[in-house]
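Sharing a structure here in structure tokens format.
No lab work stands behind these numbers, since they all come straight from the coordinates. The structure presented is a predicted model; accordingly, all values stated were derived computationally and were not measured. Here Cβ is always computed from backbone atoms with ideal geometry, including for glycine, and neighbour counts include all displayed protein chains.
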Amino acid sequence: MSAESATAPATLAEAFAARGLDLPTTRQERWRYTNLRALAARRFEAPAARVDVDLKVIADIPAPRLVIANGRYAPALSDLHGLPEGLRVRLLSEVRRDAPDEAAAWRATDATGPDAAFQQWNGALADEGFVLDVEAGTRVTTPLHLVVLGVEDRAERAFHLRHRIALGAGASLTLVTHHVGIGAHRHLLNTVLQVELGHGAELTQARLQREADGATLIQRTQATLGANAHYRRLDLELGGALSRHELDVTLAGDGAKLDANGVLLADGRRHLDTRLGIAHRGRDTRCELTWRGIARDRARAVFHGGILIAEGADGSNAALSNKNLLLDDGAEIDTQPVLVIHADDVQAAHGATVGRLDDAALFYLRARGLPLAEATAMLTAAFLREPLAVLANEALEATLAAALDARLAGATTQDAT
Amino acid sequence: MLKIDNLHVRVGGRDILKGLSLEVAPGQVHAIMGPNGAGKSTLGHILAGREGYEVTEGSVTYQGKDLLALEPEERAAEGVFLAFQYPVEIPGVNNTYFLRAALNAQRKYRGEPEIDSMGFLKLVRQKLSVLHIKDELLNRAVNVGFSGGEKKRNEIFQLAVLEPTLAILDETDSGLDIDALKLVAEGVNLMRSPERSFLVVTHYQRLLDYIKPDVVHVLADGRIVESGGPELALELEQHGYSWVKDRIAPAGAGA
């Protein structure tokens, strides 16, 4: 064996096979619209021991702030000033060292089977992540920023992160997750996020994904909500080459509520795939889901809105709206709302549309003097801004709206450099 | 100011305007009255540049220019304003932001400098106080959640800020109670000037109690069938549009 072949990493397909896993294919229903064939042949190296990043690249992200760069915690970039009491922050690497049983137990709920191959791969390799615990009754109002940087270096790398957020009864927390690309890297980020909300707990979480145009992101979020817990969530998918997000939320306790919104801004050659799996198990549970997507150039937006109202989840209420704008012939949008109901006294509504900008609105703006291009941009921005209201936090909405506008105005995802 | 000559317009294969002619001088207020289906709204839309209308014959000249050759935004910047019968709700676009962008787009077209946000706010405050409009409308999305009256008042507010040369009011009175109607009319009257003309399109005479027209036209079956002074509106109020039908029937039958 030559020295070269000994150091060259395996292809992704080989790396999966070495662990007895298969990469999902489009023959699997859950992966039908996302083809991983090109990814399978690529070779990703492990994280480097250290990463150097200039602090100024995250200057616009306020404290308290925790930063992971290329799979490694970056203390020099993090700033824990103003971290409130009652919020315990640990790193997965610490927990694995100090309480390995605790870390191992978190993997017990991981999905199995061929559809969840990335999650299993993550289970085997994840060595870093944010572990947040909020004590019962503690209400944290200052938003905590979790930053995950993909930084260009001489190799293409794969990172496996596992985050865990647990809120005790009556606790509350506001989080902003930033996926930021620095330079033109082509890394693969494989993330699992576990969320557990106790009785009456409230978690507000925004995720701003503005990764590099070559980046691949595979993320699975799995949340379990106790009785009367409330999870507000916003996902802005603005960057990356391929971004797949599986958002699985189980409304386990009676009266649990989920308000999850999202934006898919697919342009260039981007492929953005969001797959919701919402399960109503408790009685009188409620979910409201609003996703907006645009596809232009040769990009593709894929949305699957799966809602299950299980037997016994009587009195549940589910509403899903997915509207999309298809702006170019070379672009594609696939949307699929799926509602399965096994309970009584249920209210459920879902709608998915793919269309163009409203002619009446366009004419109204032009009749007031706005040129066609400006009117189009204004309506597109407004269309995509609608889901932001889910956060019920004006300051945060304004910040995210500005990020969205900057992105629409033609700023690339590489701005931070 | 505005000269419409023998205008024929087709929509979806149907002839809606069939030889409409009309001339408006600077500073004049012309009222266009007519029964439903006469082509009143088509007239407003065609003047503002809405797509989907086919001009098969005739011309529209505005300040010496061929109005029909201009894009909607060019017409707006040239001073044509349409107050919509059904103002469009635009979720996610702030009313003030929209109006400032519109004003600055018009100013840019005319080669005038942009107005900054401070200057714009000053202008807006001044217009609001004159029009008695609550400034809470400013911070909401364009027309979203507005009552019928608020929508129409918002149109008049836009009219006041954009200061057009020719304002077309398309059934601005529809759906308004008498108090809202008075407020809207008051706003329009404040905007009257020797340089600014109005085309007031309405089904009912009552708006004309508050906005006194110089000329009243009766539009029926795609044509102006009668023109006169304000007294014509009162006649219509008394006799109804069936009286108009009687008047056009012989011409139609004899054609």
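Express the relative contact order of chain A as a whole percentage, based on alpha carbon pairs under 8 Å and six or more residues apart in sequence.
10 percent
Another question, then. Under 8 Å for C-alpha pairs, at least 6 residues apart: give me the relative contact order for segment A:2-74, rounded to a whole percent.
That works out to 27 percent.
While we're here: Need one number: % antiparallel among DSSP beta bridges in segment B:78-215, to the nearest 5.
In segment B:78-215, DSSP labels about 25 percent of beta bridges as antiparallel.
Quick one: work out the % antiparallel among DSSP beta bridges in the protein assembly as shown, nearest 5.
Bridges in the protein assembly as shown that DSSP calls antiparallel: roughly 20 percent.
What whole number of Å gives the distance from the Cα centroid of segment A:92-169 to the Cα centroid of segment A:218-294?
One Cα centre to the other: 18 Å.
Can you show me the helix-derived [θ] at 222 nm for the protein assembly as shown, built from DSSP H runs with n ≥ 4 at -39,500 (n - 2.57) apiece and divided by the number of residues, rounded to the nearest 500.
-7500 deg cm²/dmol
Taking Rh as the Kirkwood radius, which is the inverse of the mean 1/r over Cα pairs, what is the Rg/Rh value for segment B:108-255?
1.06
Placing one identical point scatterer on every Cα of segment A:287-417 and ignoring solvent, what is log10 I(q)/I(0) from the Debye formula at q = 0.09, 0.10, 0.11, 0.13 Å⁻¹?
These q points yield log10 I(q)/I(0) values of -0.36, -0.44, -0.52, -0.70.
How many times 2.2 N^0.38 Å is the alpha carbon radius of gyration of segment A:236-349?
1.15
Right, here's the next one. Report, in whole Å, the centroid distance computed from the Cα atoms of segment A:1-70 and segment B:1-78.
Centre-to-centre distance over Cα atoms comes out at 62 Å.
I've got another one for you. If I take every Cα pair under 8 Å that is 6 or more residues apart in segment A:119-177, average their sequence separation and divide by the length, what percent do I get for the relative contact order?
Relative contact order, segment A:119-177: 56 percent.
Positive end of the charge dipole of segment A:41-128 (Lys, Arg +1 and Asp, Glu -1 on Cβ, about the Cα centre): tell me which of A:P47, A:T109, A:S93 has its Cα farthest that way.
The residue sitting most towards the positive pole is A:P47.
Over the C-alpha atoms of chain B, what are the Rg and the largest Cα-to-Cα span, Dmax, in Å?
Rg, Dmax (Cα atoms, Å): 18.3, 63.
For the protein assembly as shown, what percent of Cα pairs sit more than 33 Å apart?
Of all Cα-Cα pairs in the protein assembly as shown, 57 percent lie more than 33 Å apart.
Would you look at the GNM of chain B, springs on alpha carbons closer than 10 Å, and say which of B:Q238, B:Q63, B:Q85 moves the most?
Looking only at B:Q238, B:Q63, B:Q85, the largest GNM fluctuation is found for B:Q238.
Would you mind telling me which residue in A:Y231, A:Y364, A:Y33 has the biggest mean-square fluctuation in a Gaussian network model of chain A, where springs connect alpha carbons within a distance under 10 angstrom?
A:Y364
Here's something else I'd like to know. How much length would be gained if the chain were fully extended between A:E14 and A:A392, taking 0.36 nm per residue of separation minus their Cα-Cα distance, in nm to one decimal?
131.5 nm
Taking chain B as the reference, fit the longest principal axis to its C-alpha atoms, fit the long axis of helix B:148-162 to the helix C-alpha atoms, and give the angle between the two in degrees, 0 to 90, nearest 10.
Taking Cα atoms only, the helix is inclined about 70 degrees.
Now, a different point. Against the longest principal axis of chain B, how steep is helix B:117-131, in degrees 0 to 90 to the nearest 10, with axes from Cα atoms?
50 degrees
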